[in-house]
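Read through the structure below, which is laid out as structure tokens, and then see the notes.
The values are calculated or read from the model by the stated rules, or taken from the named source; none is laboratory data. All of these numbers come straight from a predicted model, not from anything done at the bench. Here Cβ is always computed from backbone atoms with ideal geometry, including for glycine, and neighbour counts include all displayed protein chains. Keep in mind that these areas ignore ligands, DNA and RNA; they rest on the heavy atoms of the full protein, side chains included. Shrake-Rupley method; radii C 1.70, N 1.55, O 1.52, S 1.80 Å.
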Amino acid sequence: MAPSLAAQNSLMWITPRPDLVFVAGQGSWLTDGDGKRYLDFIQGWAVNCLGHGHPALVQAITDQAARLINPSPAFYNAPALALAQGLAQASGLERVFFANTGAEANEGAIKLARKWGQVHRQGAHQIITFTDGFHGRTLATMSASGKAGWDQRFAPQVPGFPKARYNDLDSVAALIDDRTVAVMLEPIQGEAGVIPATREFLQGLRQLSTERGLLLIVDEVQTGMGRSGKLFAHQHAGIRPDIMTLGKGIGGGVPLSALLAREECCCFEAGDQGGTYNGNPLMTAAGGAVLDILTAPGFLDSVVALGDYLGAGLQKLAERHGLPGERGTGLLRALVLADDRGPRLVAAARARQPEGLLLNAPRPHLLRFMPALNVSREEIDLMLGWLDELLADPTLA
Ligand SMILES: *Cc1c(COP(=O)(O)O)cnc(C)c1O
């Protein structure tokens with residue numbers, strides 16, 4: 001029997017949701033309470049990097065749940081130690097702090113930079129961030145974000161986040177003064193519509209930060225963990241940041257995030273940072289299973305190949321339907337529409353019969369694609385074919 005929606009008003013309203021209840025997931029497919037199947041190109045907002053119900057992830061969580069769920073963050077546990085070591089080796093950033101959400105990891109990055117400013121830079125505390133950037137929904141990370149209108153929501157903002165223009169090094173240099181301690185950015189702006197930082201911009205920021213004694217913080221919550229075809233998107237530019245945050249894909253679907261930093265940046269004292277669930281073995285065991293798969297020989301090569309395949313297919317659709325084009329890196333891509341029909345396409349894709357399609361329009365004039373990193377070419381073809389029909393539908397134009 002289909003689950004009832006009678007209790008839907010017991011949930012605090014935060015956003016409109018379709019009248020669907022999802023009950024199961026397998027790979028790139030979700031199933032609702034009526035048994036209808038949906039091809040999932042959202043994957044929990046780039047979270048389920050191995051798709052739904054990956055056997056190795058299910059096994060890791062099941063085994064760990066039976067063994068030990070939470071001894072307390074004040075004690076070591078084996079999965080957290082192993083994952084910290086694996087992430088440090090893979091990133092070249094020596095120290096790892098685990099948290100539960102991307103916003104919390106970014107809060108940790110902001111605190112670490114401010115602490116470093118107190119210890120090493122006479123109290124410098126300002127962190128230059130970027131117009132249209134997105135860093136989360138806590139007060140500080142909303143203030144660090146550059147979404148239009150967000151400076152007014154929940155005013156007053158947390159001070160200390162002057163905004164520069166993305167891919168404009170001069171706009172960063174112009175904001176630096178004695179109070180500046182760090183620059184923080186996404187290597188690809190995700191929520192803004194999959195806008196990549198250029199290689200020159202990232203290399204320029206690295207050089208500028210080093211020259212002016214600033215920390216370079218990369219928010220890889222969306223772009224990290226293989227999404228771009230490298231384990232971390234900043235690696236495309238051949239740079240090493242001072243601080244990096246990870247979230248979304250790192251847990252394969254469970255709440256896990258991480259703050260990584262170069263050893264020289266680590267200056268927290270006892271009591272500065274912590275959290276009840278941080279580094280619990282249940283979530284870090286999931287993270288360990290994810291990292292093992294992403295770093296297995298050939299896995300990231302296949303992400304690159306699948307990304308190229310999806311990109312070429314989207315480009316063909318753009319040409320057929322007279323759209324501006326597609327962009328992206330690896331399996332984080334966007335199709336730019338000529339008008340604001342994104343939300344109508346998303347709704348029609350979901351409603352299509354007999355099988356639905358889950359798409360995302362972070363801006364009304366574009367669609368974003370964040371499939372599982374192990375999506376198949378057949379699934380990509382299916383999605384492209386259905387999208388082709390939707391783009392041809394005059395009632396959606
Ligand atoms: C999603 C996201 C966040 C916030 O992560 P949460 O887990 O929702 O707190 C922060 N930064 C970027 C770049 C993101 O995409």
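Assorted remarks:
- When the listed pairs K36/K230; K147/K248; K163/K316 are checked against a 30 Å cut-off, the alpha-carbon distance exceeds it for K36/K230; K163/K316.
- When both bridge partners sit in the chain, DSSP labels roughly 65% of those beta bridges antiparallel.
- Exposed GluC sites (Glu not before Pro) absent - longest run of the chain, DSSP non-H/G/I/E/B, at most 12 other C-beta within 10 Å: 1-268
- Angle between the chain longest axis and helix 377-392 axis [Cα atoms, degrees, rounded to 10]: 70
- For the residues D393, D301, a 1.4 Å probe over the protein chains yields an accessible-area ranking, largest first, of D301, D393.
- Largest accessible area first, the listed residues I176, I217 line up as I176, I217 when surface is computed with a 1.4 Å probe on the assembled protein chains.
- The chain: calculated mean residue ellipticity at 222 nm from DSSP helix runs of at least 4, using -39500 (n - 2.57): -11000 deg cm²/dmol
- Whole-Å distance, taken between Cα centres, linking the stretch 381-397 and the stretch 289-361: 13
- Heavy-atom accessible area for M383, with the other protein chains in place and a 1.4 Å probe, reaches approximately 0 Å².
- Largest accessible area first, the residues H135, H125, H54 order themselves as H125, H54, H135 under a 1.4 Å probe with ligands, DNA and RNA left out.
- Distance in nm between pseudo-label sites at W150 and A305 (7 Å out along the Cβ direction from Cα): 3.7
- For the stretch 203-338, averaging the sequence separation of C-alpha pairs within contact (under 8 Å, six or more residues apart) and dividing by the residue count gives a relative contact order of 21 percent.
- Only Cα pairs under 8 Å and 6+ residues apart enter the sum, and on that basis the relative contact order of the chain stands at 22 percent.
- Solvent-accessible area, 1.4 Å probe, carbon plus sulfur percent, for the stretch 58-171: 56
- A Cβ-based charge dipole, computed about the Cα centre of the stretch 29-117 with Lys and Arg at +1 and Asp and Glu at -1, lands at about 300 debye.
- Shape category assigned to the stretch 354-397 from the gyration tensor of Cα positions, a/c cut at 1.5: oblate
- Rolling a 1.4 Å probe over the protein chains gives K111 an accessible area of about 80 Å².
- Viscosity 1.567 mPa s, temperature 4 °C, Stokes-Einstein D of the stretch 51-178 from Kirkwood C-alpha radius, µm²/s: 73
- Here the stretch 280-397 was treated as a single set of alpha-carbon atoms; its pair distances binned every 5 Å from 0 give 2, 11, 20, 22, 16, 11, 8, 6, 3, 1, 0 percent.
- For R352, the solvent-accessible surface with a 1.4 Å probe is about 50 Å², rounded to the nearest 10.
- Fully extended contour minus Cα-Cα distance, from D272 to A392, at 0.36 nm per residue: 37.6 nm
- Loop chymotrypsin sites (Phe, Trp or Tyr not before Pro), the stretch 1-51 (other Cβ atoms within 10 Å of the site Cβ: 15 or fewer; DSSP): W13
- Angle in degrees between helix 299-320 and the longest Cα principal axis of the chain, rounded to the nearest 10: 60
- Rounded accessible area per residue of the chain, 1.4 Å, Å²: 44
- 0 to 90° range, to nearest 10: angle between helix 102-120 axis and the chain longest Cα axis: 20
- With every protein chain in place, the stretch 242-397: carbon and sulfur % of accessible area (1.4 Å): 52
- Just so you know, the Rg over Rh for the chain is 0.97, from Cα atoms, with Rh as the Kirkwood radius.
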